[in-house]
Amino acid sequence: MNSELFIIPFNLGLYFILIYSVVRSTVWFRDLSRSDKLRLQRGFFGRPFMQSIREIFMESLLHRKIFRKNPVLGYMHMSLAFGWFLLIVFGTIEADFFGERHLNPPSHAIFFRWFNPGHGDTGFASVYNFWMDLLLAFILSGLLLAMIKRFIPGMMGMKKTTRHTWVDRLALISLWLIFPARLFAESFTCGANGSGSFLTGNLGATLASFLPAAQIAPWFWWLYSLALGTFFFLLPVSRYFHIPVELFLIFMRNSGITTGDRSSSYTEVQTHACSSCGVCISVCQMSYAAGIHNIQSAYFIKGLRNDRDISAITANCLMCGRCEEVCPVGIELGPMRLIERRQGERQDSIPGFLERYSLTRKRSTIERLPTQSYSYLEREDPARADVLFFAGCMTHLTPSVIAAMKKIMESAGVRYRFMDEKGGVCCGRPLMLAGRDREARELINHNSDIIWKSGAKILVTSCPICYKVFRESYYLEAQVMHHSEFMKNLIEEGSLRLGYLHRKVVYHDPCELGRGSGIYEDPRSVISYVAELQQATQEKNMSLCCGGSLGNLTLASGKRALIAADAAKILTQSSPDELITACPLCKKTFVQATDTKVSDIAELVAAALPEPARKARSRIRRMTARTLADG
Amino acid sequence: MKEALKHIVVAGGGVAGMEAAGALAEMGFRVTLVEKNNDPGGHLGRWHALFPDRRPADEVRHYLRKRIEHRNINVITGTTVEKIRHHGHEVAVDLSGGTEERADAVIMATGFDLFDARRKEEYGYGIYDNVITSAELEDLFNNGRIVKADGKEPARVGFIHCVGSRDEKVNNNHCSKVCCVTAVKQAIEVRKMIPSCEVFCFYMDMRMYGPYYEELYRESQEVHNVNFIRGKVSEASVNINNRLVIKVEDTLAGRPLKMELDLMVLMVGMEMSAPGAKCAAASGLPAGINRFLETADHHFGNNLSSMKGVFYAGTCTAPMNITDTISHARAAVEETVRYLNRR
Amino acid sequence: MDQANKFGFTINRSRLIDYDRSDRKVRDYVTLMEPSFRLCFACGGCAATCTAGYHKSFNLRRMNTLIRRGEIEPLREEVTRCMLCGKCLLVCPRGVNTRNVVAAAAAAIRKLDRNEL
Ligand SMILES: Cc1cc2nc3c(=O)[nH]c(=O)nc-3n(C[C@H](O)[C@H](O)[C@H](O)COP(=O)(O)OP(=O)(O)OC[C@H]3O[C@@H](n4cnc5c(N)ncnc54)[C@H](O)[C@@H]3O)c2cc1C
Ligand code: SF4
Ligand code: SF4
Ligand code: SF4
Ligand code: SF4
Ligand code: SF4
């Protein structure tokens, strides 16, 4: 047996994966939009490059984020990724330093012990040997954890690991075999030659004491090489493809590329960068509160990757953004889903094994035709005003919010116009959430026209759904403010004088205001002016969705109620006097789900207004009482 | 030898409780009637004239008051029944204030609560001055004058049916049965007190299920010119003149309709009473559909609970009118006596 | 012509809902896509609150009824007017998933035209 033939599988695999990576990256680069290409080029020679290197080191190798969430899981990932990385680096140095030639081919470093069986008994070499054994042990400990996790998933604090295909399974087996194979290959070789450090040396000596080590060793070197080769070959079509793709993603992201609103090679890269880690599954309320277990982002991305018909999955999501918040890879899951919603229907076209290597697979989508049309809307000529108040559709069903806002603005002496007093036109956000941007544009144009004509400098809305779309998709001169920001300004500039209410309240961050628009502090500071704010266990960027979300077109009302009840329960854990929200839809949803009083932040502030305003009302009451008595 | 009188505790002193107590006393049982409020009477105490014939509620109140003036009846007011439990052969009844009554049987007659109209925020109750509930309109009738918050008479009154009933959004899928006919009765009353006032009823279905109800409905149209519009009101607001503006679809005309009102009357529905539900939960008596008490059989065991010696009477089991409440209470008495005799 | 014969007198076809001949494909499709469609009891709450209906004839309650009767023609134009604002969703006392009913109806009518139903 020509002993060196065993390096062939490894070499084939390695060169295949290297070439494949280069070609695939080139195609991805080619498919980028012009501006994104420029961004990437600039990024490559600028600061983003160093940032990316740092990020790759911290996240892809050390897995800092996972570490923080779950140290055991973090250790597992780190030992495999960082350990392997170190093994390669120090292996290469070793081959270069101790080998007979410099600049060896990679196989020389990988199979160093085979080529130098007796190496490293004395001096510095033995220290180095010790270090290499330590690295191997480090990796093996991670592998052990991975195996435990596979069979007892609950142990690492994750509810569900994702399902595997046969390719994934084969890739998994080859990956798991690599390091045990190396351990035994090195040990047998060391055993036969009386070399090796604490791990390979001792294990080798033990094995050699009752086995023909020299004869067995080549088999394990073959296994080692085959495992590596198989793993490299399967990499592009297995779940492990995310490892190299994530590196690419990090470069792209740091160069300033974002998902945008149509599919591109950036969405493609994100699709492949998902590690199926399942972190998104465990935070999804659709899963743990509503019992719907097949729509979470991990499944959505997987469906995209495998070109399945995922229209039902795509539609059945609250668009709450909690998953995006925790995704360790940083995939922009919300925009990704919106892109998919914009597409038409998709047909199942499950790619064959070889097809999955293809670089230019086109998705089988039918372009969605516009179904809505608003040409019937008539132009309006509004009176001019500095401050426009847009209550929003939903707010018309919570008249106490409107009443409170009127009272607050009157008390602060704000001269405003109530833009949709008689019922306006929808802001367009619900259409956008349904993926109908073209139609939404019609509504946006209609409303923009009114706002421009009014000459308003400030546009105040009490609905976070409107707020988000006003800010992001309208071209306005007016400054857009959510009523919580507006009230904060009024308080700070001293226009609103408020009493203190002796109430303990909890604040709920509405999805579209918090995660959606990044407004966390303004409502909190407004509340703190007038009442005692208690902390919720899940708040700010990890706040819960109330379940009422307009981002889901298909969710049944019973399921919504389950989500609402669960969220309300968590929010009222500290038994507050009042549950405060800043969104009419959240209010409506929570009122149904809890016995705790639910109020909008505007109602809370209005209740803290000084007496005169309230005296007027009680005078009416007294009058009623008197007329009643007279009669 | 005369055996000691059997003792029955009746929880709740509304129509059902008073009728049951009276009937039992008449048959020679010793009765303790426990009422949470300071006076027995229940909701009936608030009504002005009763459907279907608009007889003064006083007449029925008088009948019931007489009914419980019996030496066998001990009335305890201002006291809540908190828990019912078995104690040997007897039933022990825990009362608020820490006292306890021992009885041979218990009749639960804890009645209903009116739906809190604030929970239907879009109708503006508690926000706008001139939105009142059907119960508050009865107060106005009793005061003899129907006025708006500003003390003036309304020129147009609207009755909104099914407020807090038949509505998934407030977790009540049931029909409260009495509010349709109450609206018709109240509409007639308003028309009679203020002949110039226009009156509209906004309904989804007119449920005129009892004797004389359909006739009352007919009379309201024929004699009193009450208007009926089929549609669920979706929301209310106020305009600059401080008049209420409601939005509804006239489903028969097939078009949305907007209307100004001076006074809006919400026909609030019936819900399981909170103190009754609390007592039932503490005693392990199961709640049934829409949280009313679950009876052992919907046809031939409608007064039976799941607990030996405990019987149900009146609206704690489902919405009903006074006629049915009295019949139900008498049936509960019959079941109780049968139980006591068999023991 | 056959209509006239059947009844023995002339009757304006469009005035009559001929339930036995009505097209149930749209109804079946909408019910399949949104089962809560069956829950509607025609209260009109949705139509009363409707943002689109405020500006132009669009009536979800009427649409539900017509689809159930197999009367699709009057809906063709209307069904495109909904803004998906969700007010009806908050109002509906029967928990009908109203917005999805509109979406399904629009899709059904498009499919009907393409002979895909
Ligand atoms: C607006 C309106 C108008 C109506 N008008 C008519 C009409 O005109 N004609 C007609 O036939 N019907 C009418 N009804 C129906 C009528 O009011 C009821 O049928 C009747 O009141 C039912 O009596 P009840 O004893 O079952 O309940 P309730 O009247 O509710 O009495 C229950 C009593 O139990 C007490 N209670 C509750 N829990 C406890 C506890 N744990 N311990 C001690 N006590 C307790 C309560 O304080 C209450 O006094 C009307 C109903 C409404 C809502
Ligand atoms: S989407 Fe993100 S969080 Fe979800 S499985 Fe993929 S990598 Fe993990
Ligand atoms: S956006 Fe919310 S509902 Fe949708 S998958 Fe993510 S966590 Fe679940
Ligand atoms: S009785 Fe009439 S008003 Fe009352 S809940 Fe039933 S249908 Fe509605
Ligand atoms: S979602 Fe459509 S049907 Fe419903 S209220 Fe809004 S515009 Fe009308
Ligand atoms: S609100 Fe609901 S039940 Fe009423 S008509 Fe509309 S869909 Fe039907």
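The values are calculated or read from the model by the stated rules, or taken from the named source; none is laboratory data. Only a predicted model underlies this, so the values are computations on that prediction, with no experimental measurement involved. We place every Cβ from the backbone using ideal geometry, glycine too, and count neighbours over all the protein chains shown. For accessibility, only protein heavy atoms count, side chains too; no ligands or nucleic acids. Shrake-Rupley method; radii C 1.70, N 1.55, O 1.52, S 1.80 Å.
Worth pointing out:
- Contact map, region A:537-562: first residue within 14 Å of another protein chain (Cβ to nearest Cβ) and more than 16 Å from ligand 1 (Cβ to nearest atom), second residue open to solvent by 50 Å² or more (accessible area, probe 1.4 Å) and modelled with pLDDT under 95, Cβ cut-off under 7 Å, separation 6 or more or different chains; pairs are A:Ala561/A:Gln592.
- Region C:61-90: number of residues that are open to solvent by 10 Å² or more (accessible area, probe 1.4 Å), under 9 Å from the mean Cα position of the chain (by Cα) and within 14 Å of ligand 5 (Cβ to nearest atom): 2
- Unique residue being more than 15 Å from ligand 6 (Cβ to nearest atom), more than 21 Å from A:Ala312 (Cα to Cα) and part of a loop (DSSP other than H, G, I, E, B) when the list is C:Glu116, C:Glu73, C:Glu77: C:Glu73
- Odd one out for A:Ile292, checked against (1) among the β-branched types (Val, Ile, Thr); (2) closer than 27 Å to A:Glu59 by Cβ; (3) open to solvent by 20 Å² or more (accessible area, probe 1.4 Å): (2)
- Meets criteria (within 9 Å of ligand 1 (Cβ to nearest atom) and either more than 14 Å from chain A (Cβ to nearest Cβ) or modelled with pLDDT of 95 or more (or both)) for B:Leu24: no
- Exactly one residue among A:Leu459, A:Leu431 is open to solvent by less than 10 Å² (accessible area, probe 1.4 Å) and part of a helix (DSSP H, G or I), and that residue is A:Leu431.
- Residue count for region A:591-602 satisfying the condition of being within 12 Å of another protein chain (Cβ to nearest Cβ) and either within 17 Å of C:Lys87 (Cα to Cα) or not charged (D, E, K, R) (or both): 6.
- Scanning region A:234-286 for residues that are small (Gly, Ala, Ser), under 16 Å from A:Cys323 (Cβ atoms) and either at pLDDT 95 or above or not in a helix (DSSP H, G or I) (or both) turns up A:Ser275, A:Ser276, A:Gly278.
For (1) crowded, with 23+ Cβ neighbours inside 10 Å; (2) not small (Gly, Ala, Ser), each residue gets a yes or a no:
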{"site": "A:Pro523", "(1), (2)": "yes, yes"}
{"site": "A:Val526", "(1), (2)": "yes, yes"}
{"site": "A:Ala531", "(1), (2)": "yes, no"}
{"site": "A:Gln535", "(1), (2)": "no, yes"}
{"site": "A:Gln538", "(1), (2)": "no, yes"}
{"site": "A:Leu544", "(1), (2)": "yes, yes"}
{"site": "A:Asn552", "(1), (2)": "yes, yes"}
{"site": "A:Leu555", "(1), (2)": "yes, yes"}
{"site": "A:Leu562", "(1), (2)": "no, yes"}
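- Considering only residues in region B:163-177 that are open to solvent by 10 Å² or more (accessible area, probe 1.4 Å) and over 19 Å from A:Phe590 (Cα atoms), the one that is farthest from the other protein chains (Cβ to nearest Cβ) turns out to be B:Lys177.
- The number of residues in region C:91-106 that are surrounded by fewer than 22 Cβ atoms within 10 Å (Cβ to Cβ) and within 7 Å of chain A (Cβ to nearest Cβ) comes to 2.
- Taking (1) near ligand 5 (Cβ under 10 Å from one of its atoms); (2) more than 11 Å from the chain's Cα centre (by Cα) in turn, C:Leu39 satisfies each apart from (1).
- Residues of region B:174-207 that turn out to be in contact (Cβ under 8 Å) with a residue 60 or more places away in the chain and either on the phi > 0 side of the Ramachandran plot or of a type in the set (Asp, Glu) (or both), as a count: 2
- Scanning region A:287-309 for residues that are of a type outside the set (D, E, K, R), farther than 24 Å from A:Ile465 by Cβ and either within 16 Å of ligand 5 (Cβ to nearest atom) or not in a helix (DSSP H, G or I) (or both) yields a total of 4.
Rundown of residues vs (1) farther than 22 Å from A:His446 by Cβ; (2) in contact (Cβ under 8 Å) with a residue 12 or more places away in the chain, yes/no style:
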position: C:Thr31; (1), (2): yes, no
position: C:Asn59; (1), (2): no, yes
position: C:Gly70; (1), (2): yes, yes
position: C:Arg76; (1), (2): yes, yes
position: C:Thr80; (1), (2): no, yes
position: C:Ala108; (1), (2): yes, yes
position: C:Asn115; (1), (2): yes, no
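- Checking A:Leu354, A:Leu304, A:Leu318, A:Leu333 one by one, the residue that is surrounded by 21 or more Cβ atoms within 10 Å (Cβ to Cβ), more than 16 Å from ligand 6 (Cβ to nearest atom) and more than 30 Å from A:Pro48 (Cα to Cα) is A:Leu318 and no other.
- Residues (within 11 Å of another protein chain (Cβ to nearest Cβ), polar (S, T, N, Q) and either surrounded by 13 or more Cβ atoms within 10 Å (Cβ to Cβ) or within 16 Å of ligand 1 (Cβ to nearest atom) (or both)) located in region B:208-262: B:Ser234, B:Ser237, B:Asn242, B:Thr251
- Counting only helices (runs of 4 or more DSSP H) that sit completely within region A:310-413, those holding 2 or more residues that are away from chain C (no Cβ under 14 Å) and in contact with a strand residue (DSSP E or B) (Cβ under 8 Å, 6 or more places away or on another chain) correspond to A:399-411.
- Single residue of region B:121-133 satisfying the filter (open to solvent by 10 Å² or more (accessible area, probe 1.4 Å) and of a type outside the set (Asp, Glu)) that is nearest to the other protein chains (Cβ to nearest Cβ): B:Ile127
- Long-range neighbours under 8 Å by Cβ, at least six apart or interchain, first residue within 26 Å of B:Met204 (Cα to Cα) within region B:148-167, second among the charged types (D, E, K, R) and within 16 Å of ligand 4 (Cβ to nearest atom): B:Cys162/B:Lys232; B:Val163/B:Lys120; B:Gly164/B:Asp116; B:Gly164/B:Arg119; B:Gly164/B:Lys120; B:Gly164/B:Glu271; B:Asp167/B:Lys120
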